[in-house]
Amino acid sequence: PCTKLINAGSSSEGTEDSDFSAEHTDSSESDAHVVRNTRLTRSSLRLSRNSQDIKESADHDESPPRTPTGNAPSSESDIDMSSPNVSHDESLAKELSLKESGLAHRPKRRRFHESYNFNMKCPTPGCNSLGHLTGKHERHFSISGCPLYHNLSADECKVKASSRDKHVEERTLSQRQDENRHSARQQAQTERQLRYKEKVAEMRRKRNSVPLKEQKDKYTEHRQTHGSSREPLLENVTSDYDLELFRKAQARALDDLEKLRLQGQVTEGGNMIKTIVFGRYELDTWYHSPYPEEYARLGRLYMCEFCLKYMKSQTILRRHMAKCVWKHPPGDEIYRKGAISVFEVDGKKNKIYCQNLCLLAKLFLDHKTLYYDVEPFLFYVMTEADNTGCHLVGYFSKEKNSFLNYNVSCILTMPQYMRQGYGKMLIDFSYLLSKVEEKVGSPERPLSDLGLISYRSYWKEVLLRYLHNFQGKEISIKEISQETAVNPVDIVSTLQSLQMLKYWKGKHLILKRQDLIDDWKTKEAKRGSNKTIDSTALKWSPPKGT
């Protein structure tokens, strides 16, 4: 059915977004002043009661919490004036001197326990989160640092840590003694080194390579009792010397991991990747993505921007980039205009790349459901080329055979390219493919909030462009759908949101609002033709069977 087209010169009823800013008042100085006056008053009260020994309970304003090690804070500014170890006269004098010198406002030094989240607990069953495998920390919140998981106690870890430190000191001292000797390229082994070599050989010969029946029963019972919640027993698996070397390497790795955690590069318990290094950009992630646990616990991932392989460190990435031969996505290049290219990647032929692309997209999409079965999908990857290669701008995926004629299953623009017109280019490209296929397309439902905003903006531009070029008096929704490849349902919903569809005297009327068309023409002139899809640059035919 045709509807009548009516020109309407009504003013635009759109509303502008307004920014709201909240004013915050900083009351830290006033709070500090109240606390100091309270402490001075209480100290004066204690001075007037010399005959009584009153021990008041400390509140949060008076005494800071003790560290996990049980030691009191070492900073002078953290010392409570009500401490029984400090006399009243000395405490009052120190408080007055701090007030006069202005040191009372000195910020507290960051202590180790301040980086802990005490609401977290070790996931090992029966563990109270006390102790650490390295023997240097009083608490842990991960399986890797749990002494109980490694079949040890907190005291045993401390003893092992002290023995390791002692061994390091002895080794450093012996190396210094060796350096005092005349160095030569073909220097013979020292007497100390020869004795140590014989000692190691003797320790390795003592190992019983065939475990006894009692040991086998012990291993089996341990495995049946604890399962995967505990580390397997390692006694007699190798020599005591080699087992001790493994424990030292394990403790050193955990010590490095703890340093990274304090720097904010490792998150324990949450398995949330905070940032990724992608090409020359460092991107903050928005949502959780199911990367393997050994990668997910790292706060930062390093990715090759061409093959999308993910790595743990900058060194591994640098070595990979020296050997990686990829400079563009796999698959066929079906579109090129200027620096913009689009590659068609088959999920069946390039499964690993498509899975890595889905994992990457999940970091920035909330409503995306990740499927490792990428074979039924085609991925259209948009890139921007320079002298180093084709850099990923965004992509959209679509089913090879969609019964509901969905032309997009998932769509993403990388954060560094957002708000630059690339999102509408991807949407326009998906509808261009639908036109070539002679189908009416629509994105897969339900749409996310951001996806609905992007598509509604695109549909609005398509309809305004069509109405601007239309010269007739009667218009049909079906004709608009056939020429633009937009689903009629999407056309009607967009017209209703623009208040351009009216029902009057039993007929549907489309109001041709000239004010909206003029606004669109102004924006189109400012934007230019740099971020538009040229249908003549497409070199593509629909895959067989679709």
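The table below lists the values:
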item	result
Gain upon complete extension [GLU244, LYS197; 0.36 nm per residue less C-alpha separation]	15.4 nm
FRET efficiency, 1/(1 + (r/R0)^6) with R0 30 Å, evaluated for LYS259 and THR190 via beta carbons	0.30
Label point distance in nm, ASP217-HIS468, each placed 7 Å from Cα along Cα→Cβ	8.8 nm
Projected label distance in nm at GLU293 and SER535, using a 7 Å step from Cα toward the beta-carbon	5.4 nm
14 Å reach of a label modelled at ASN405, 7 Å along Cα-to-Cβ, counting backbone N of the range 417-435	431-435
Two-decimal Rg/Rh across the range 269-326, once Rg and the Kirkwood Rh are taken from alpha-carbon atoms	0.97
FRET efficiency, 1/(1 + (r/R0)^6) with R0 45 Å, evaluated for ARG319 and LYS121 via beta carbons	0.75
Cα→Cβ-extended label distance, 7 Å offset, between LYS136 and LYS166, nm	1.9 nm
Estimated translational D of the range 327-526 in µm²/s (Stokes, Kirkwood radius over Cα pairs; 10 °C; 1.306 mPa s)	87 µm²/s
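Laboratory data are not the source of any read-out in this text; all were calculated from the coordinates shown. Model, not experiment: these values are computed from the prediction. No Cβ is skipped: glycine too gets one built from the backbone with ideal geometry, and neighbour counts run over all protein chains shown.
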